[in-house]
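The values are calculated or read from the model by the stated rules, or taken from the named source; none is laboratory data. Computed from a predicted structure; not experimentally measured. Here Cβ is always computed from backbone atoms with ideal geometry, including for glycine, and neighbour counts include all displayed protein chains.
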Amino acid sequence: MKRQNVSILGATGSIGTNTLDVIGRNQDDFCVHALTANRNVRKLAEQCVQYEAPLAVIADPSLESELARTLREMGSKAEVLSGEAGLIEAAGIPDTDIVMAAIVGAAGLQPTFRAAQCGKKILLANKESLVIAGEVFVAEARRNQALILPVDSEHNAIFQALPQGFAEGLDAAGVEKIILTASGGPFLDMPASQLSQVSPDQACNHPNWRMGKKISVDSATLMNKGLEVIEARWLFNAHPDQIEVLVHPQSIVHSMVAYRDGSILAQMGTPDMRTPIAHALAWPRRIEAGVERLNLAQMNHLSFKEPDLERFPCLGLAFTAMRAGDSAPVTLNASNEVAVESFLRGQIGCDRIPHLVEQVMDSLNVTPVRNLDDVLGQDRLARQAATEYLAAMQ
Ligand code: NAD
Ligand code: MG
């Protein structure tokens, strides 16, 4: 079989580097094409040299010449592009078979959408794209025969536990519900009164996973699970009432599918993103991912409980946004991105994140989302509103 070309949007991040690690273990099957980063010139250049990438893209246009110079100094002949246009071009390039969408936040939407327009096999880590553009994104992918394979560990687990043909409808496949597991993050058992005092470092110190800062904070507030609920709705064509969340602090069961006959299928493994990345990369085959094997005999217990929506209001806000539909998830996501950035800069406490999101959601009308422009327009509006509320908070 011909080696498949993989382009990685967000190559220098946590998902990006794990993807390169898996590709490195399977070089007979995969090779690297475009690699992109936001501002980390050195790391991007090193990756391009190590994996012999012919194309490098830096999102910040002011760093294009520095990237070109660094690559030359390192002996790489890679072509260099920059800016959002460069990211979009890389996502649609004809020589690429597979696009790993691993940019963080709404910034990933346009390049990922381009991959859908070009009929690529998309490995989707950038959940925010699907949260904000859900229906429009899925329709575009279908129209162009793009394949969306979930990389988020929960969604990858669900994908593995669903029967072929689930896209025709979960009811027809005998599925009763989808159960997303949540680790509960670093503050699972912390009293609500202490949540205002936690530092960004504490929030980013996840008990089971090493991830980028934004998703780590989202995991601490349970907004990550909220975004994942909306992501699941679009990936699996699920009705909002068919999606449930269970807290499972050990992160061994990555999610489950419950069937009409009482069966529950779960996917298990050690918490290592290289498993879902390898699964999506090679699907429907299986390849070596380099992960530690799960030792069931040494595991003393697995526990499950309902999430506490009072201490973690972000999860409830996400369910509300999903049910409201249209522009509501865009507002949820944009205000959350503004709030998380502000928390990471030390400007607001962690407990203020759900407050800000709720304020913005209450202040903006839900408007129809028919195309990408509607999504981008609402995203701008919500960021502006969030920034104004934030200024009033300080
Ligand atoms: P990260 O912060 O480690 O990496 C983000 C990548 O995107 C970097 O390469 C960065 O250079 C690039 N980037 C950041 N802002 C950009 C911008 N404005 N324009 C272009 N590029 C930009 O994040 P991560 O943890 O790898 O997460 C990436 C995505 O995958 C997120 O959507 C996250 O929710 C999702 N995800 C991550 C994990 C995980 O274990 N890390 C698990 C599931 C899903
Ligand atoms: Mg996840």
Fill in the blank from the handout: Per the list (1) surrounded by 22 or more Cβ atoms within 10 Å (Cβ to Cβ); (2) over 13 Å from Asn38 (Cα atoms), residue check on Tyr51 breaks on (1)
Handout entry: Filtered residue count, segment 148-180, keeping only those that are in a helix (DSSP H, G or I) and hydrophobic (A, V, I, L, M, F, W, C)
Key = 6
Exercise for the section: Among residues belonging to segment 104-138 that are within 16 Å of ligand 2 (Cβ to nearest atom) and closer than 20 Å to Ile58 by Cβ, point out the one that is surrounded by the most Cβ atoms within 10 Å (Cβ to Cβ). Expected result: Ala125
Exercise for the section: Pairs only if they're at least six apart or on different chains, beta carbon under 7 angstrom, first in segment 150-165 and without any contact (Cβ under 8 Å) to a residue 60 or more places away in the chain and in the same structural domain as Thr181 (by TED's automatic domain parsing), second outside any helix (DSSP H, G or I) and more than 9 Å from ligand 1 (Cβ to nearest atom); list them, first residue then second. Expected result: Pro163/Ala173; Gly165/Ala173
Practice task
Output the residue which, of all residues in segment 1-11 that are at pLDDT 95 or above and surrounded by fewer than 22 Cβ atoms within 10 Å (Cβ to Cβ), is farthest from ligand 1 (Cβ to nearest atom).
Solution key: Arg3
Fill in the blank from the handout: Taking segment 245-261 and keeping only residues that are away from ligand 2 (no atom under 15 Å from the Cβ) and outside any loop (DSSP other than H, G, I, E, B), one is left with Val257, Ala258, Tyr259
Fill in the blank from the handout: Among strands (runs of 3 or more DSSP E) entirely within segment 14-132, at least 1 residues that are in contact (Cβ under 8 Å) with a residue 60 or more places away in the chain and of a type in the set (A, V, I, L, M) occur in 30-37, 98-101, 121-124
Problem - Those residues of segment 171-218 which are more than 16 Å from ligand 1 (Cβ to nearest atom) and within 23 Å of the chain's Cα centre (by Cα), in sequence order - result: Lys177, Ile178, Ile179, Phe187, Leu188, Gln202
Exercise for the section: Give the residue that is farthest from ligand 2 (Cβ to nearest atom), with candidates limited to residues of segment 198-228 that are in contact (Cβ under 8 Å) with a residue 60 or more places away in the chain, among the hydrophobic types (A, V, I, L, M, F, W, C) and not in a loop (DSSP other than H, G, I, E, B). Expected result: Ala203
